[in-house]
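To start, the structure itself, in structure tokens.
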Amino acid sequence: MKAVTIQALTKIYGHNYALHDFSLEIESGKVYGLIGPNGAGKTTVMSIMATLLAPDRGTAVVGGYDVMKQPSQVRRLIGYMPDFFGVYDGLKTTEYLEFYAAAYRLPAKQRPTLIRDLLEIVNLSDKADAYVDLLSRGMKQRLALARCLVHDPVVLILDEPASGLDPRARAEMKEVIRQLKRMNKTILISSHILPELAEMCDNIAILEQGRLVANGTVEEVTAARQGARILKVEVSDRLPQLVDFLTDRPEVTHVDSDAGWARVSFTGDKTAQGRLLRGIMDQGWVVLEFAEVRGNLEDAFMAMTGEVG
Ligand SMILES: Nc1ncnc2c1ncn2[C@@H]1O[C@H](COP(=O)(O)OP(=O)(O)OP(=O)(O)O)[C@@H](O)[C@H]1O
């Protein structure tokens, strides 16, 4: 079942296309990563899905409801975490969530249990009485996530939830997102933290200048990386000569050496790869390792967009 169907979404500011015919479908219960350099249009997609911004063309349907025609139904189904966190002077964590629970008109009797459960999900149980302003950035991000879970939404739209976090805080955020997946939430998450998205997401969409440039499973998007595969070749000696030898092979487009091994961009098929190995051994090298290096998502992103973001 599709939780989200976006079709030909377009948003134009002056002459600038923030989104250009952007289409995407998200299956229920999946975690979908939206990645792209700064200004690619990630926040624009998410704001439209969250009913906060009107597109110029196209449609977005969440849980069967059209974001333009049925915004209040959509709002009931979604939890939206924007990429900024407000200032909450003098408010404790529990009071903060109490405020949102009241805003969603949840019965007062149910709120203490709900808030306890939410704090547990985002791993903040021991901060129930802490002042929000004094929480670390990672804790604030997780609290913001708890806030968008108050009304038990089925679709979560998380705009860069790991942005600006140190590795430990990122790992904690990742664990919370895994937990939400186990709770069968459908999650759209944007990020610049590309390798981390690979671990977390079922699918990835890469956005550049408002256009979708790649879409599929992490493996598919990675494999779509421009043609060449990367081979690691490690030999016992004469590495500089090996680099020269490899550079002269027809299917090799680039070679560099690093920490005692050669990194080879290779466009040939598996048979050609076997021939290359035999050629190296025929020249007398003792081969310690000869293997394809699985491209990672960061490579794919760099190859497709030419930017780090
Ligand atoms: N209110 C606005 N007025 C004019 N241009 C805008 C407005 N909002 C966004 N844009 C432009 O639309 C494009 C997409 O912006 P958007 O914020 O969606 O990108 P993003 O991928 O979320 O970027 P970032 O990673 O920096 O948050 C950018 O070129 C941006 O400058």
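The values are calculated or read from the model by the stated rules, or taken from the named source; none is laboratory data. This one's a predicted model, so the numbers in the text were calculated from it and none came from an experiment. Note that each Cβ is placed from the backbone with ideal geometry, even for glycine, and that neighbours are counted across all protein chains shown.
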Checklist line | Residue check for GLY58: in contact with a Cys (Cβ under 6 Å, 6 or more places away or on another chain), crowded, with 16+ Cβ neighbours inside 10 Å, assigned by TED's automatic domain parsing to the domain that holds ASN215 and part of a strand (DSSP E or B) | finding: no
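Given the criteria closer than 19 Å to TYR80 by Cα, in a helix (DSSP H, G or I) and either in contact (Cβ under 8 Å) with a residue 40 or more places away in the chain or not charged (D, E, K, R) (or both), does LYS181 qualify? Explain how you work it out, then say what you get.
Values: closer than 19 Å to TYR80 by Cα: yes; in a helix (DSSP H, G or I): yes; either in contact (Cβ under 8 Å) with a residue 40 or more places away in the chain or not charged (D, E, K, R) (or both): yes.
Considered against the rule, which asks whether it is closer than 19 Å to TYR80 by Cα, in a helix (DSSP H, G or I) and either in contact (Cβ under 8 Å) with a residue 40 or more places away in the chain or not charged (D, E, K, R) (or both), LYS181 comes out as yes.
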Next item on the list: Report those helices (runs of 4 or more DSSP H) wholly inside the range 216-309 carrying at least 2 residues which are modelled with pLDDT under 85 and of a type in the set (Val, Ile, Thr).
Entry: 218-223
Check: Quick check: is even one residue across the range 115-134 surrounded by 21 or more Cβ atoms within 10 Å (Cβ to Cβ), at pLDDT 90 or above and at positive phi?
Finding: no
Notebook entry, point to check: Of the residues that sit in the range 49-79 and are touching a residue at least 40 places away in the same chain (Cβ under 8 Å) and more than 16 Å from PRO153 (Cβ to Cβ), which one is nearest to the ligand (Cβ to nearest atom)?
Noted result: LEU53
Notebook entry, point to check: For the range 1-29, which residues satisfy the criterion of being over 21 Å from VAL218 (Cα atoms), in a strand (DSSP E or B) and within 13 Å of the ligand (Cβ to nearest atom)?
Noted result: LEU9, THR10, LYS11, ILE12, TYR13, ASN16, TYR17, ALA18, LEU19, HIS20
Note to self: I'd like the full set of residues that are part of a loop (DSSP other than H, G, I, E, B) and more than 8 Å from the chain's Cα centre (by Cα), limited to the range 184-204.
What the structure shows: ASN184, LYS185, ASP202
Next item on the list: Could you identify the single residue in VAL150, VAL132 that is touching a Ser or Thr at 6+ places or on another chain (Cβ under 7 Å), in contact (Cβ under 8 Å) with a residue 40 or more places away in the chain and over 30 Å from GLY216 (Cβ atoms)?
Entry: VAL132
Check: If you take the residues in the range 145-187 that are surrounded by 19 or more Cβ atoms within 10 Å (Cβ to Cβ) and among the small types (Gly, Ala, Ser), which one is nearest to the ligand (Cβ to nearest atom)?
Finding: ALA162
Notebook entry, point to check: From the set of residues in the range 30-39 that are at pLDDT below 90 and touching a helix residue (DSSP H, G or I) at 6+ places or on another chain (Cβ under 8 Å), which is farthest from the ligand (Cβ to nearest atom)?
Noted result: ILE35
Next item on the list: Please determine, by comparing only the residues of the range 106-152 that are aliphatic (A, V, I, L, M) and part of a loop (DSSP other than H, G, I, E, B), which one is farthest from the chain's Cα centre (by Cα).
Entry: LEU106
